[in-house]
Ligand SMILES: [Zn+2]
């Protein structure tokens, strides 16, 4: 039945245009949580979708997993976005939901935040794509995990971000991360840093910009599991996760691109 397939949602805490769900991912998350709950849809940790892929015994029924990309401080801290005002953090929004409804309402409430590992890259991206206020820090990663509501996933060493200088090849995405050395440097080096800083080895990976090379999908991730220690990797092709989905390029819906209101989200999931 199509309505029993797991769905993974992606939010970006730096998507803040004004105060509506259509252009503010904080407002969207708050409203989406209420709508999902009212619709009787279970929210579960992202790792549960991988358990589901591993065996039919794990979980059945409509389930939705939450993910946040890029690991901006807005995931964890209430901060004032210039011109728009103070934004409740994504973690705070999960905690507020808990306070309103109680822990038994959505016992699996949880999100995975996919962070960029390299401090230098975060600093460059912070200056180039945010406001240069040091808003992509890593000092909150372990506290986020300790909250019990967030896991820290791997979004690559430096996102191969276009704001960075070219060193090993063209910048802009992961289509060019197409040999073992580049994959190790983006995935394994990042995982080591995340483990050292957050206290946990990241078992889930999300491709920057949702893009991946054939090599990383078809060779590196499937063949070097003991090296990278990952259970699954996520892209951003829209769609539910199915039993035939590629575990190294699992689909995700992106807030703002694939839905712009809680009503649209619910019909997307029910489609
Ligand atoms: Zn990203």
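Summary table
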read-out: The chain - share of DSSP beta bridges that are antiparallel (%, nearest 5); value: 15 percent
read-out: More than 34 angstrom apart: percent of Cα pairs within the chain; value: 13 percent
read-out: For q = 0.21 Å⁻¹, Debye-computed log10 I/I(0) when each Cα of the stretch 11-56 counts as one equal scatterer; value: -0.78
read-out: The chain: most fluctuating residue of 94, 130, 53 per GNM, C-alpha cutoff 10 Å; value: 130
read-out: Likely footprinting exposure, 12, 161, fewest C-beta neighbours within 10 Å first; value: 12, 161
read-out: Cα-based Rg of the stretch 147-271 normalised by 2.2 N^0.38 Å, two decimals; value: 1.12
read-out: Within the chain, helix-based [θ] at 222 nm, where runs of 4 or more DSSP H residues each add -39,500 (n - 2.57), nearest 500; value: -8000 deg cm²/dmol
read-out: Diffusion coefficient, µm² s⁻¹, Stokes-Einstein with Kirkwood Rh over alpha-carbon pairs of the stretch 63-133 at 20 °C and 1.002 mPa s; value: 155 µm²/s
read-out: Spatial separation of Cα centroids for the stretch 116-134 and the stretch 32-53, in angstrom; value: 31 Å
read-out: Peptide ranges 4-11, 77-84 listed from the most packed, as the mean C-beta count within 10 angstrom indicates; value: 4-11, 77-84
read-out: Histogram of C-alpha separations across the stretch 75-222, 10 Å bin width, %; value: 11, 36, 33, 17, 4
read-out: Percentage, to the nearest whole number, of Cα pairs in the stretch 22-143 over 21 Å apart; value: 46 percent
read-out: Candidates 62, 190, 111, ranked by Gaussian network fluctuation over the chain, Cα under 10 Å, top entry; value: 62
read-out: Interatomic Cα distance distribution for the stretch 116-199, bins of 5 angstrom, percent; value: 3, 15, 23, 23, 19, 12, 5, 1
read-out: Exposure proxy ranking, count of Cβ atoms within 10 Å, fewest first, for 104, 213; value: 104, 213
read-out: Ranking of 244, 13 by count of other Cβ atoms within 10 Å, fewest first; value: 244, 13
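Read the figures in this text as sums done on the coordinates, not as results from a lab. Keep in mind the model is a prediction, meaning the values are calculated, not measured. Note: ideal-geometry Cβ built from the backbone for every residue, glycine included; neighbour counts use all protein chains shown.
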